Ligand code: TMP
Ligand code: ZN
């Protein structure tokens, strides 16, 4: 596939909306410079849009095409479906489904309690995109004043069921002002795997700047661009991830709102993430990690267009290798199933052209996904228990970011000769 867009919807202005609420940009959402897609993954459905077998035919598609802004370095989608299409009362992504993530957020919360909150009187913590309360439950357990902001009603209800104070809304300046008026300013604002979802980042950043105390701390954590480029983990690119941040680009995005990067810490979650600590400019010294990551990014070439051209070629190579393997296994009569109906897998199945002929079903532990079809590719999603009834010859590991947890759980599969297929950082079959 070439680097040109597959679909030309003929729009010349920034932020134009078609009748389906699709936003198409031709200028950078952060700095306003002209941008163009460096590749296209083709027509994509909503990544978490698992559908009832009866609704095939009504599916919504948009063109998944990332762009790199040569001016501010931000990698972003050219088209993004309206937020209401992705985050609603049937949102299929529940943070608490993985033990690794539950542990991660327990440690994350402890580091906030022992770090920025230490010594503060009656502190107040706000989390944006608090999902099922996977992180806020730890603040609640310690009696710390907290508030979750979560637009997907079903997961917000799970959090409320645990007694976690949660507002069902999208975050913006008006909501920030309401929170300040009703509860006061925040000591800490947390945003884990959510800032990269917010297309109007300048609006959210302005809201956070109003919400934070002058000595407050904003902690953002998201999949890291450097890891995606390094590992060709192109499946991090899907509708919800309108941005893929780097240390360099996130600093530029928040600077106009008076928030400066004070520290960065690499995280193993989601196959390679970065935690960014931002504070009102000048309120705290800047840790040496910020400069050393910026230097690493310069060496990696994250600020150069040719890096993204190479990434495109790597994606195409990865797709060809995976399809050759799956076609070959199919021709040899091997039974292959998918493991983990992740949001990321929607990009892989649709970009590569994986069909129910290649994988009989995808096993997944999330009840809301079971009995449904995967978005676009329409591969049935079945309860995790069906994985062993009987074991397949191979399992295509869509949840590759949980490989350690899954391998530990599925020792009987590999002991019986079953093999895992992974495609990050390269396509390989391993027992
Ligand atoms: P994530 O990669 O976005 O966290 O999504 C993980 C998906 O994989 C989620 O749908 C749950 C599923 N999953 C399993 O089915 N079994 C497992 O052991 C793990 C860890 C995840
Ligand atoms: Zn820009």
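The values are calculated or read from the model by the stated rules, or taken from the named source; none is laboratory data. Worth saying up front: this structure is predicted, and the values here are computed from it rather than measured. Glycine also receives a Cβ, built like all others from the backbone with ideal geometry; neighbour counts cover every protein chain displayed.
Looking only at region 374-393, residues that are in contact with a helix residue (DSSP H, G or I) (Cβ under 6 Å, 6 or more places away or on another chain) and farther than 24 Å from residue 228 by Cβ come to 2 in all. The number of residues in region 129-150 that are closer than 16 Å to residue 213 by Cα and crowded, with 20+ Cβ neighbours inside 10 Å comes to 2.
Of the residues in region 231-239, at least one is within 21 Å of residue 64 (Cα to Cα), away from ligand 2 (no atom under 16 Å from the Cβ), in contact (Cβ under 8 Å) with a residue 12 or more places away in the chain and over 15 Å from the mean Cα position of the chain (by Cα).
A count restricted to region 195-218 and to residues that are within 28 Å of residue 81 (Cβ to Cβ) and part of a strand (DSSP E or B) stands at 1. None of 109, 92 is within 29 Å of residue 248 (Cα to Cα) and either modelled with pLDDT of 85 or more or touching a helix residue (DSSP H, G or I) at 6+ places or on another chain (Cβ under 6 Å) (or both) except 109.
For region 399-416, the set of residues classified as over 24 Å from residue 323 (Cβ atoms) and in a loop (DSSP other than H, G, I, E, B) consists of 410, 416, listed by residue number. Just one of the numbered conditions (1) over 23 Å from the mean Cα position of the chain (by Cα); (2) more than 13 Å from ligand 1 (Cβ to nearest atom); (3) modelled with pLDDT of 95 or more is not true of residue 389: (3). Please tell me if residue 10 is at pLDDT below 80 and touching a strand residue (DSSP E or B) at 6+ places or on another chain (Cβ under 9 Å). Judged against the criteria, residue 10 is not a match. Output the residue which, of all residues in region 241-271 that are buried (at least 21 other Cβ atoms within 10 Å of the Cβ) and in a loop (DSSP other than H, G, I, E, B), is nearest to ligand 1 (Cβ to nearest atom). Taking the candidates together, the pick is 241. Taking first residues from region 393-420 that are farther than 21 Å from residue 267 by Cβ and assigned by TED's automatic domain parsing to the domain that holds residue 361 and partners that are within 16 Å of ligand 2 (Cβ to nearest atom) and at pLDDT 95 or above, no Cβ contact under 7 Å between residues at least 6 apart in sequence or on separate chains turns up.
One line per residue, one yes/no per condition, for (1) crowded, with 16+ Cβ neighbours inside 10 Å; (2) not assigned by TED's automatic domain parsing to the domain that holds residue 387:
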| site | (1), (2) |
| --- | --- |
| 275 | yes, yes |
| 289 | yes, yes |
| 332 | no, no |
| 338 | yes, no |
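Here the condition is being over 23 Å from residue 232 (Cα atoms), at pLDDT 95 or above and within 14 Å of ligand 1 (Cβ to nearest atom); of 399, 395, 384, 416, it holds for 384 alone. Here is the figure for region 327-343: residues that are in a helix (DSSP H, G or I) and more than 26 Å from the chain's Cα centre (by Cα) total 5.
Just one of the listed residues (363, 377, 341) is within 28 Å of residue 316 (Cβ to Cβ), near ligand 1 (Cβ under 9 Å from one of its atoms) and modelled with pLDDT of 95 or more, and it is 341.
Of the residues making up region 344-388, those that are within 30 Å of residue 39 (Cβ to Cβ) and part of a helix (DSSP H, G or I) are 344, 345, 346, 347, 348, 349, 350, 351, 352, 369.
What helices (runs of 4 or more DSSP H), lying completely within region 126-194, carry at least 3 residues that are under 20 Å from residue 110 (Cα atoms)? Quick ask: steps written out before the conclusion?
Values: elements: 136-141, 153-161, 173-183.
The helices (runs of 4 or more DSSP H) meeting that bar are 136-141.
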